[in-house]
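Remarks on the structure that follows.
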Amino acid sequence: MAVPTFRRGRLLLGGLLTLTTALAGSVVAGSPAVAAPAGTPASSGPLATAFDTAAARYDVPRDLLMALGYAESRLDMHAGAASAAGGYGLMHLASNPQVHTLDEAATLTRLSQVALRTEPAANVLGAAAVLRSYADQAGLTAATRDDVNGWYAPIARYGGASNPSVARLYADTVYDLLRAGFTSARGEAVAGRPVAPRRGGLEPAAVLGGVGTLSTDYGPAAWAPASTSNYTVANRPGSHPVTRVVIHMTQGSYAGSISWFQNPAAKVSAHYTFRSSDGAVTQSVREKDIAHHAGNWTYNTQSIGIEHEGYVDNPAWFTDAMYRASAALTRTLTTRYGIPRDRAHIIAHVEVPGATHTDPGPNWNWTYYLQLVNGITGIGYGTVNTESANLNVRSGPGASYPVVGSVADGATVAVYCQAVGSTVTGPYGTTAIWNRIDTNRYVSDAYVLTGYDGYIPNVPRC
């Protein structure tokens, strides 16, 4: 669709600057060019209070508890629905044949399992109780519990992984969040700080993606084999043609999903799983073998299943890093097996006949993904010009979407894709083009000097 745009093309001036987007939790009214200065959202409100209460009652470091919840769910209850691995709530209290944190939480807190599954405060309290129990068993004392670096073993145990490398991946994810800091969609925040976790018995465990743990099918992937109970040995494409790629969402965390595929009771698996934060990928089933991912034997035999970390109802998981890394794999697969790069052959799990799942859901951007798969992979750059104030960043391509942050006048932004939205007039004319500068972060092209009059060549549409 052609979008009319009336503006002067100019050359991009200056080098690449660091994009600084101040995230905010509330809606801010006003024109796209007007933005109040934004700082780090304060950790206040019922959920922050729940973490304060649980941390104090069980003497668990509050920020560590929050980082665990953020790693598991981005601090989202998901309306009490179970994850793919039978985990509940923002802390993913689990009930499956391998992990029993929900049962343990009920015993330790004397709260009902219904409350632990569905009430945020109870869910956080349950997780804190379980972690404290694990800490006691690991020998932590009142004098050592204040040091977050000593909680590595309890955190790793909470994830329930039987494989040491996956257990280390799980705990490292939590500590990486502590190191970097994070802000949830509702504004709960943890500031970054130096960490030096004491890994103890997991220190010798191979790091996934390190030497000796790489996939032989796809170079960028780590190798963490699924349980033989969860896939069927084959000799594809000789035994079965590979004709499709099926796109999934994990309904759980990256490390948790890899661990679930290693659980013999799961009876499910996928060939590859991608991490939301950086696009890292792990292979669990060889491409020659049949992963049990689609719920349809014929489709299983003739497809490659790709999981993506996150939940269908929360678009915060759908990062550009994950889209681009996944598309690179799909591009390789379509070349290797002669699969057409179209929506008839790169399909959603929900499109498999007889599917009982809805993934990847309405938040998955098929337009963007298919363009990446087909080689439209450029990233554009532009300089913000509001002629004074900061530029509002919105959650979608239009002035009616909530303001979720701002960028400073004169800042350089990366443009990952461009979408059609509401029409805006700014220093560079009148246009309906909006530039996505980060995950679910858009600014009007009328305020961004890109060097092009409208769409940027080789930058995908979204």
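The values are calculated or read from the model by the stated rules, or taken from the named source; none is laboratory data. Just so it is clear, the structure is predicted and the values come from calculations on it, not from any experiment. Here the Cβ positions follow ideal geometry from the backbone for every residue, glycine too, while neighbour counts run over all protein chains shown.
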**So LEU47, is it touching a helix residue (DSSP H, G or I) at 6+ places or on another chain (Cβ under 8 Å) and surrounded by fewer than 22 Cβ atoms within 10 Å (Cβ to Cβ)** = yes
**Prompt:** Any residue in segment 334-352 that is over 19 Å from HIS292 (Cα atoms), out of contact with any Leu (no Cβ under 6 Å at 6 or more places or on another chain) and polar (S, T, N, Q)?
**Reply:** yes
**Verdict on LEU116 being surrounded by fewer than 20 Cβ atoms within 10 Å (Cβ to Cβ) and in contact with a helix residue (DSSP H, G or I) (Cβ under 7 Å, 6 or more places away or on another chain)** = no
**Prompt:** Out of segment 307-342, which residues are among the β-branched types (Val, Ile, Thr) and within 14 Å of the chain's Cα centre (by Cα)?
**Reply:** VAL312, THR319
**Prompt:** Counting only residues that are over 27 Å from GLN262 (Cα atoms) and either touching a strand residue (DSSP E or B) at 6+ places or on another chain (Cβ under 6 Å) or aliphatic (A, V, I, L, M) (or both), how many does segment 99-124 have?
**Reply:** 6
**Prompt:** In segment 210-264, which residue that is among the β-branched types (Val, Ile, Thr) and not assigned by TED's automatic domain parsing to the domain that holds LEU329 is farthest from VAL312 (Cα to Cα)?
**Reply:** VAL211
**Asked** Do we have any residue at all in segment 215-230 that's modelled with pLDDT of 95 or more, under 27 Å from SER269 (Cα atoms) and touching a Pro at 6+ places or on another chain (Cβ under 6 Å)?
**Response** yes
**Request:** Among the residues of segment 217-229, write down those that are over 19 Å from ALA327 (Cα atoms) and part of a loop (DSSP other than H, G, I, E, B).
**Result:** ALA224, PRO225, ALA226, SER227
**Fill in**
Among (1) in contact (Cβ under 8 Å) with a residue 12 or more places away in the chain; (2) under 28 Å from ILE379 (Cβ atoms), SER303 falls short only on (2)
**Message:** Can you list the strands (runs of 3 or more DSSP E) lying wholly within segment 383-457 that have 1 or more residues being outside the structural domain of ALA325 (by TED's automatic domain parsing), farther than 22 Å from ASP320 by Cβ and of a type outside the set (Asp, Glu)?
**Reply:** 417-426, 429-438
**Asked** Restricted to segment 58-89, and to residues that are outside any helix (DSSP H, G or I) and free of Cβ contacts under 8 Å to residues at least 40 places away in the same chain, which residue is nearest to ASN230 (Cα to Cα)?
**Response** GLY86
